[in-house]
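Values in this text are rule-based calculations from the coordinates and carry no lab data. In this text, all values refer to a predicted model and were calculated from it rather than measured experimentally. For neighbour counting, all protein chains shown are included, and Cβ atoms are generated from backbone atoms with ideal geometry for every residue, glycine included.
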Amino acid sequence: MERDWKKDTEFISRNTVLAFTGNALFSVFYFVMPFLAGEIYGPGRLLAWTGIYLAVEIGFCAAYLKLLRKPVNRMMEAVKRASQDEYEAQNLRSQAEIFALQSQINPHFLYNTLDTIRSHALLCDAEDIAAMTESLSTLFRYSISRPGEMATLKEELENVRNYLLIQQYRFPDKVEYLVEGMEDEVILHYPMPILTIQPIVENAIHHGLEMKIGKGHIKLRAIRTEGRITLLVSDNGLGMSEERLEQLRRSLECSQAGQETLSGAGRQKGAGIALANVDRRLKFYYGRQYGLRIRSTLGVGTMVEINLPFEAGEQDEKRNRQG
Amino acid sequence: MKREIVRVEGLKKAIHGSQVLNGLNLSVYEGEILGMTGLSGSGKSVAAQILAGSRSFEEGEIYIAGRKSEAGGKAGRPGNGIYHIRAVPDLFPCLTVEENVCLTEPGAVAGIFPTRMQLRKVREAAHALDICLDSRASVNSLSLYEKHQVSLLRAYYLHAKLIIMDNITNDYTEEEFCRLGRLLLRLKQKGVSILLVESMTERVTSFTDRLVVLRNGRDEGILFREEYGQYDINKMMSGDYNLPEAVGRVAAGREQEVLLEACRICGQGLQGLTFHLNKGEVVGFTDEEDALCTSVQKLFLGDARTESGTVVLDGEPVNIRMKRAGLIELGFGYVDFYKSSVFPQLSLKDNLTITSLNRLTSRAMIHARLEKRVAEDLLEALNFPSENLKRPLCEVSNREQLVAALYKWILNRSKVVVLNNVLSGTDMIMRNIVKQFLNELQRRKAGALLFSPNVRELYELCDRVYKVRAGRIEEEVAAAEWGRQQASEFELFRDIEL
């Protein structure tokens, strides 16, 4: 999008310069040359000469405006969208500030309490409770103490593991977690908005695997190309009906346009809100061509595709700086 | 890191007012074999045509090697490395293999006469892909698989980045399909990407790395090789639509009356062919040297020039030198590829009427009421919408076209229906329709003769199979038993390793 906008600006400025220069040269030659040659004499002749000049100029202006109509329209669209994005950004920022204010007191109290529970559990030899409490504490620290920050994929995966550890205690031997294609260090150190993956995994468990009879799995796979990183989170849970899927897709499109998302049933169940939020954040950070894509079949499972931009040079530079 | 050869985002296309593609997303990576499957009408072929540049698209974005194609235009351009291979190969039949390969080379100055340099390169390319074809042979003399080999060789010779294969294996034998698999794996090793568009799930899962399942013009499922499962793929294809229970062929009883009997038929490739077809039975024919048993087929198509022998249908002798029209009057029916077995510009009603003209007319007048009632009854029995009765068949779904191609012979009360590669280009629901049709024939004490290059189909649909060799029956086997023997052999094709 930004590239298109730059192209349009270049196009307009280049053509404007060309048009003005050409026009000025034309005017000079049109009047000066015949004047010197003695072609323009008397008021009638001058009037006719000027009339032809004005007709040519009007034609030229019309052609020039027609040429610029498309890029100018596109630029106006881009400006409109940018101001809308800015408005959304402001909203998100104020929300984040409210969250930060709310969590100034609560988190410390929460962490201390969880640590106390963990100590008591260890004293009573309840190792399960201790491990669970530790996971919960780490999970809260990660999600509450860093609002609006970026995290690496490695940190995101660690957070998912903590979340799943707690779920293991809730539903023993219910969910198997598989990770593939994460050997690539570049992918592991890729920065992304915090809490991108965990809400999707949570959705997969809550809506897909919790009600499923027997054991299910959640698989996370990463694919890196020259221009993007694609993360695929798939489960073999209940999946969703075509109607529900369409509703969810519409909610993602609406969230992009900043409208209210889910209607009645969907909102009550809370389904899709998390996905719409993640999608909205990703689109806000990276642009409309990135974000989530959902595929699902009733009785087979669901796959959420997370599309993120990737620029090899930029990533290498960052890694070198870190190194 | 993978290199993306093609990326498709939100592709939309409507044809005749119906949305064929409705937001398709797709990525093809360098050196991968990507399968694409879906039910008939799910948009596979249209997507392939758009990628190849032979159709325009209305919405969405297509990036070919990073270059964006605008909506409203065509994606593929000559020289962008995308080659489209169709079931009917676009080769010049009168030219040789090497001429066909060199002909479309950009910047070729020698016209249709390849230079020595070009010939050397063609030979090198063929050697690299392990293609053993006589490069001076005329394309006309080649089998369908060999023609596809030439198309693949040409694509490789012209430095293809992506080869799209659009439902080309419908008429392949299992052996040919296996050979194609090896060839594609060789191309993959050379860094060429393949998009294999295929409606037979057992084939599309054989040697693809990844599978995209289309439903209603969208990519509703992406599976990686280790995740392939027949049930999941079928469910992804059908979505909320409840799959009809797979219709099993009801085996015909052993003590049936004989319906059709051929005795010691000689001439035109036949050397004493003797067989029988019982009432309510489906019998298949297979020949190792000629997969479609054309010599036996010709006998019932009215094309055979026989020297001796007799054919008896339901106790009445049949003149086997008769033309097809005469044989239809005697009680034969014919179904080939379903699309070519109907009149596409005519409605279902008219198609049924033409076949059963004798039964629906009296004193050269058509019984309009009877005609309508017959067609409506059929649609009701098969659960198809009656508003499609008067629409041209080319505008209704492929399933309804198949129904028209098959059931017109039931209405004609044909005694023996000759089915020639009838499952070609069908999806799982359409295969069920064929099985239902065969069961209906059995219920009516009629019979069917089945010819197919795909042996798997033969044992699935037939009660008995005759193995033909050198124009005579070599062996007669019960299909179920034979299928069990063959099953282990088919499994070998699943994991083709170089």
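Within a 10 angstrom radius of the beta carbon, how do A:E243, B:E261, A:E57 rank from fewest other beta carbons to most?
Fewest-to-most Cβ neighbours within 10 Å comes out as A:E243, A:E57, B:E261.
From the backbone phi of region A:59-68, what are the Karplus-calculated ³J(HN,Hα) couplings (6.51 cos²θ - 1.76 cosθ + 1.60, θ = phi - 60°) in whole Hz, Gly and Pro given as x?
Karplus-based 3J(HN,Hα) across region A:59-68 equals x, 4, 4, 4, 5, 5, 5, 4, 5, 8 Hz.
Report the full-extension gain for the segment A:K66 to A:T152: residue separation times 0.36 nm, less the Cα-Cα distance, to one decimal in nm. It would help to have the intermediate numbers written out before the result.
Numbers: separation 86, 0.36 × 86 = 30.96 nm, distance 4.78 nm.
Using 0.36 nm per residue and subtracting the Cα-Cα distance, I get 26.2 nm.
Could you sort out which of B:K435/B:K467; A:K6/B:K161; A:K70/B:K68; A:K215/B:K435; A:K6/B:K13 sit more than 25 Å apart by Cα distance in this structure?
Pairs exceeding 25 Å: A:K6/B:K161; A:K215/B:K435; A:K6/B:K13.
Provide a whole-number value for the mean count of partner chain Cβ atoms within 10 Å of the Cβ atoms in peptide B:215-222. Numbers along the way, then the final one.
Working: counts 3, 1, 0, 4, 3, 8, 7, 5.
Across B:215-222, the average partner-chain Cβ count within 10 Å equals 4.
Please go through region B:132-189 and write out the trypsin sites (Lys or Arg not before Pro) that DSSP classes as loop and that have at most 16 other C-beta atoms within 10 Å.
For trypsin sites (Lys or Arg not before Pro) across region B:132-189 that sit outside H, G, I, E and B with at most 16 neighbouring Cβ atoms in 10 Å, the list reads B:R136.
Non-local amide H neighbours of B:K2 (under 5 Å, H modeled in plane, Pro and chain starts lacking H): which ones?
Under 5 Å from the amide H of B:K2 lie the amide H atoms of A:R224, A:T225, each far enough along the sequence or on another chain.
Pop the C-beta distance of A:T16 and A:V186 into the FRET formula with R0 = 60 Å and round what comes out to the nearest 0.05.
0.90
Could you give me the ³J(HN,Hα) list for region B:172-182, computed from phi with Karplus coefficients 6.51, -1.76, 1.60 and θ = phi - 60°, whole Hz, x at Gly and Pro?
Residue by residue, region B:172-182 yields 8, 7, 4, 4, 5, 5, 5, 5, 4, x, 5 Hz.
With point charges of +1 on the Cβ of Lys and Arg and -1 on the Cβ of Asp and Glu, referenced to the Cα centre of the protein assembly as shown, which listed residue (B:I222, A:I12, B:M236) lies farthest in the positive direction of the dipole?
About the Cα centre, the residue reaching furthest to the positive side is A:I12.
Where a ≥ b ≥ c are the square roots of the eigenvalues of the C-alpha gyration tensor, would you call region B:404-467 rounded, which needs a/c under 1.5, or, failing that, prolate if a/b is larger than b/c, or oblate?
oblate
Report the full-extension gain for the segment B:A137 to B:A478: residue separation times 0.36 nm, less the Cα-Cα distance, to one decimal in nm.
In short, 118.7 nm is gained.
If you take every residue apart from B:K2 with its C-beta less than 9 Å away from the C-beta of B:K2, what net charge results, scoring Lys and Arg +1 and Asp and Glu -1? The partial results should precede the final answer.
Values: positive: A:R224, B:R3; negative: A:E226, B:E4, B:E30, B:E32.
Net of charged neighbours comes to -2.
So how do B:192-198, B:89-95, B:5-11 stack up, highest first, on mean other-Cβ count within 10 Å?
Values: B:192-198: 25.6, B:89-95: 14.7, B:5-11: 21.6.
Listed from highest to lowest mean packing, they are B:192-198, B:5-11, B:89-95.
Taking the Cβ of A:D279 as the center, what net charge do the other residues with Cβ under 14 Å away carry, scoring Lys and Arg +1 and Asp and Glu -1?
On the way: positive: A:R249, A:R250, A:R280, A:R281, A:K283, A:R288, A:R293; negative: A:E88, A:E253, A:E305.
Around A:D279, the surrounding residues sum to +4.
Counting only DSSP beta bridges with both residues in the protein assembly as shown, tell me the antiparallel percent, nearest 5.
Details: 74 of 118 bridges.
Beta bridges within the protein assembly as shown, antiparallel portion: roughly 65 percent.
Once the Cβ-Cβ distance between B:T361 and B:N439 is put in as r, and R0 is 22 Å, what FRET efficiency do you end up with, to the nearest 0.05? Before the final figure, lay out each step's value.
Numbers: r = 30 Å, r/R0 = 1.35.
Approximately 0.15, to the nearest 0.05.
With N set to the residue count of chain B, report its C-alpha Rg divided by 2.2 N^0.38 Å to two decimal places.
1.04
Determine the shielding of peptide A:291-303 by partner chains: average, over its residues, the number of Cβ atoms on other chains within 10 angstrom of each Cβ.
Mean shielding count: 5.
Taking R0 as 45 Å, what FRET efficiency do you get between A:D173 and A:R250 from their Cβ-Cβ distance, rounded to the nearest 0.05?
After rounding to 0.05, the efficiency reads 0.80.
Give, rounded to the nearest 20 debye, the magnitude of the charge dipole that region B:4-238 has about its Cα centre when Lys and Arg contribute +1 at Cβ and Asp and Glu contribute -1 at Cβ. Mind showing how you got there, number by number?
Numbers: 29 positive and 29 negative charges, 117 e Å.
So the magnitude is around 560 debye.
Stretched out fully, how many nm does the piece from B:T115 to B:I354 gain, at 0.36 nm a residue minus the Cα gap?
Gain on stretching B:T115 to B:I354: 80.6 nm.
Once the dipole of the protein assembly as shown is set up with Lys and Arg at +1 and Asp and Glu at -1 on Cβ about the Cα centre, which of B:A14, B:T201, A:I194 lies farthest towards its positive end?
Most positive-ward Cα: B:A14.
With a ≥ b ≥ c the root eigenvalues of the C-alpha gyration tensor of the protein assembly as shown, is it rounded (a/c under 1.5), prolate (a/b larger than b/c) or oblate?
oblate
How tilted is helix B:116-128 with respect to the longest principal axis of chain B? Cα atoms for both, answer in degrees (0 to 90, nearest 10).
Value to nearest ten degrees: 70.
Can you give me the distance in nm between label points at A:T116 and B:V312, each placed 7 Å from the Cα along the Cα-to-Cβ direction?
Output for this residue pair reads 10.1 nm.
Send over the semi-axes of region B:172-224's equivalent ellipsoid, whole angstrom and largest first, taken as the square roots of 5 times the C-alpha gyration tensor eigenvalues.
21, 15, 8
If amide hydrogens are placed 1.01 Å from N in the peptide plane, which non-local residues have theirs closer than 5 Å to the one on B:M36?
So B:M36 has HN proximity to B:L196, B:V197, B:E198, B:V212.
Sort A:T225, B:T286, A:T230, A:T196 so the one with the fewest other Cβ atoms within 10 Å of its own Cβ comes first.
Numbers: A:T225 17, B:T286 26, A:T230 20, A:T196 23.
By the 10 Å Cβ count, ascending: A:T225, A:T230, A:T196, B:T286.
Compute, for the protein assembly as shown, the length of the dipole vector about the Cα centre, with Cβ point charges of +1 (Lys, Arg) and -1 (Asp, Glu) only. Units Debye, rounded to 20.
The calculated dipole for the protein assembly as shown is roughly 2240 debye.
Let me spell out the model: positive unit charges on the Cβ of Lys and Arg, negative unit charges on the Cβ of Asp and Glu, origin at the Cα centre of chain B. What dipole size does that give, in debye rounded to 20?
Values: 65 positive and 66 negative charges, 250 e Å.
Here chain B has a charge dipole of around 1200 debye.
Once you order the gyration tensor axes a ≥ b ≥ c over the Cα atoms, which shape class does region B:258-495 get: rounded for a/c under 1.5, otherwise prolate or oblate by comparing a/b with b/c?
Here region B:258-495 falls in the oblate category.
So what's the net charge close to B:N216: Lys and Arg +1, Asp and Glu -1, counting the other residues with Cβ under 13 Å from its Cβ?
+1
Run the numbers on chain B and let me know its relative contact order in percent, using alpha-carbon pairs under 8 Å that are six or more apart.
Details: 966 pairs, mean separation 82.3, N = 498.
Rounded, it is 17 percent for chain B.
Would you pull out the residues with amide H under 5 Å of B:Y334's amide H, same chain only if 5 or more places away, H placed 1.01 Å from N?
Sorted by chain and number, the residues that satisfy this are B:V418.
By counting other Cβ atoms within 10 Å of each Cβ, how are A:S296, B:S54, B:S341 ranked from fewest to most?
Going from least to most buried by this count: B:S54, B:S341, A:S296.
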